[in-house]
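**Q** One structure, pasted below without further comment.
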Amino acid sequence: MATRKHRSATVTDGKVDRCFFNESREMQAKGTSSRQGSRAGTLALLLITTLYSGFVGAHGRESLEEDSCVRRIGENMVHLSAYQPQFEPTAQYCTEIPKGGDTFLVIDLVDPAMRDMPIGMKVVRGTSEEDETIAQLSPAYHPDGVIQGQTSLDQGLYTVFITAEGVPPLRYQYPLRVQMINYAEIFRAAVGPLIALLLLAVLGYKLMKSPRVQRWRSSRKP
């Protein structure tokens with residue numbers, strides 16, 4: 001069985017610097033197809049960088065603190081964004097990813113102090129850090145405040161662990177649900193219409209039982 005390959009990429013001074021998430025994976029694509037895949041990946045990363053720059057400009061610190069994609073320990077915050085440009089070029093996700101496939105993960109180190117700490121990232125299949133590692137970036141400094149990685153995710157449950165080697169060490173985690181039905185979201189979307197329908201039913205019942213309607217119904221009887 002071939003080992004699945006996972007790649008990451010960071011953008012520094014406008015250039016793409018690629019590294020392997022999983023150094024033990026085998027090379028699968030060669031020749032022209034490999035070069036085409038590399039160019040496609042580079043273009044996707046540049047697109048994501050552009051979209052992400054717009055996101056950072058549009059969100060202030062106050063709105064970030066209310067963002068469900070933000071994790072905070074003390075004064076230190078990180079923000080996760082996930083992209084699948086091969087499906088929806090401009091769509092941004094967080095913990096609910098609609099389809100399996102190549103996924104770009106972007107971590108924003110919101111607080112400048114975190115740029116002076118070595119920070120690593122690991123993606124596991126499951127919920128525990130001891131579960132199967134799907135992708136991993138060794139701790140490193142990120143002076144631009146952005147960590148970018150690419151990996152391939154199948155349908156299922158994953159967890160992203162972000163570790164900052166500060167004093168004290170910081171540890172953040174995000175659950176990722178890939179191509180799974182979000183029953184909580186469905187329930188929240190259905191609550192409003194159900195409440196409205198229930199209120200209409202109650203109002204209709206009270207109206208039918210009102211004396212005026214009862215008299216009108218009696219007058220209509222032969």
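**Q** So, in the range 104-134, of the ones that are in a loop (DSSP other than H, G, I, E, B) and of a type in the set (S, T, Y), which residue ends up surrounded by the fewest Cβ atoms within 10 Å (Cβ to Cβ)?
**A** The extreme case among them is S128.
**Q** On to the next question. Assess whether G192 counts as being surrounded by 10 or more Cβ atoms within 10 Å (Cβ to Cβ), over 30 Å from D102 (Cα atoms) and modelled with pLDDT of 75 or more.
**A** no
**Q** From R125, R177, which residue is touching a strand residue (DSSP E or B) at 6+ places or on another chain (Cβ under 7 Å), under 16 Å from A82 (Cα atoms) and among the charged types (D, E, K, R)?
**A** R177
**Q** Give me a count of the residues in the range 79-103 that are free of Cβ contacts under 8 Å to residues at least 12 places away in the same chain and crowded, with 19+ Cβ neighbours inside 10 Å. Spell out how you get there, then give the answer.
**A** Within the range 79-103, the first condition is being free of Cβ contacts under 8 Å to residues at least 12 places away in the same chain, and the residues that meet it are 88, 91.
Among the residues that remain, those that are also crowded, with 19+ Cβ neighbours inside 10 Å are: none.
Counting residues in the range 79-103 that are free of Cβ contacts under 8 Å to residues at least 12 places away in the same chain and crowded, with 19+ Cβ neighbours inside 10 Å gives 0.
**Q** Go through (1) out of contact with any Gly (no Cβ under 8 Å at 6 or more places or on another chain); (2) within 29 Å of P112 (Cβ to Cβ) one by one and return the number of the condition P193 breaks.
**A** Failed condition: (2).
**Q** What do you reckon, is R188 closer than 27 Å to M77 by Cβ, outside the structural domain of S68 (by TED's automatic domain parsing), more than 17 Å from the chain's Cα centre (by Cα) and of a type outside the set (A, V, I, L, M, F, W, C)?
**A** Considered against the rule, which asks whether it is closer than 27 Å to M77 by Cβ, outside the structural domain of S68 (by TED's automatic domain parsing), more than 17 Å from the chain's Cα centre (by Cα) and of a type outside the set (A, V, I, L, M, F, W, C), R188 comes out as yes.
**Q** Quick check: anything in the range 151-159 free of Cβ contacts under 8 Å to residues at least 24 places away in the same chain and either in a strand (DSSP E or B) or not aliphatic (A, V, I, L, M) (or both)?
**A** Checking the range 151-159: not a single residue is free of Cβ contacts under 8 Å to residues at least 24 places away in the same chain and either in a strand (DSSP E or B) or not aliphatic (A, V, I, L, M) (or both).
**Q** For the range 135-142, indicate whether the set of residues that are surrounded by 13 or more Cβ atoms within 10 Å (Cβ to Cβ), outside any strand (DSSP E or B) and touching a residue at least 60 places away in the same chain (Cβ under 8 Å) is non-empty.
**A** Within the range 135-142 (the criterion being surrounded by 13 or more Cβ atoms within 10 Å (Cβ to Cβ), outside any strand (DSSP E or B) and touching a residue at least 60 places away in the same chain (Cβ under 8 Å)), the answer is yes, since at least one residue qualifies.
**Q** So which of G204, G192, G166 ends up being of a type in the set (G, A, S) and within 30 Å of I107 (Cβ to Cβ)? Walk me through how you get there before you give the answer.
**A** Values: G204 fails: within 30 Å of I107 (Cβ to Cβ); G192 fails: within 30 Å of I107 (Cβ to Cβ).
Matching residue, one of G204, G192, G166: G166.
The values are calculated or read from the model by the stated rules, or taken from the named source; none is laboratory data. A quick note: this is a predicted structure, and the numbers were derived from the prediction, not measured. FYI the Cβ positions are ideal-geometry reconstructions off the backbone, even for glycines, and counts take in every protein chain you see.
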